[in-house]
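Undergrad: Below are the structure tokens for one structure; questions will follow.
Any read-out appearing in this document is the output of simple, stated calculations on the displayed coordinates, not a laboratory observation. The model shown is predicted, which means the values in this text are computed figures rather than measured ones. Cβ atoms come from the backbone with ideal geometry, glycine included; neighbour counts cover every protein chain shown.
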């Protein structure tokens, strides 16, 4: 896999990250993004509502990091949704 510079390498990393069998079809980040967009919220708005940075929210949505259980509960409260049935 080429992790060189430029847009193509970024796309390669994303395909590798989300193309594996270890990821569920809808990751927690995908669920956060979908719920945020359903409300018409920006990263800034969700950040203000849940108390976590815009950068953290973006990394969760991209699947680079998972939110801690505490962060996930804050996001769920802010969005008014349950994102996980159980700890995935």
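Undergrad: Under a point spin-label approximation (7 Å from Cα along Cα-to-Cβ), what is the residue 77-residue 59 distance to one decimal in nm?
TA: For residue 77 paired with residue 59, the spin-label model returns 2.2 nm.
Undergrad: A further question follows. What nm value, rounded to one decimal, do you get for the distance between residue 34 and residue 48 when each label is placed 7 Å out toward the C-beta?
TA: Using points 7 Å along Cα→Cβ, the separation is 2.7 nm.
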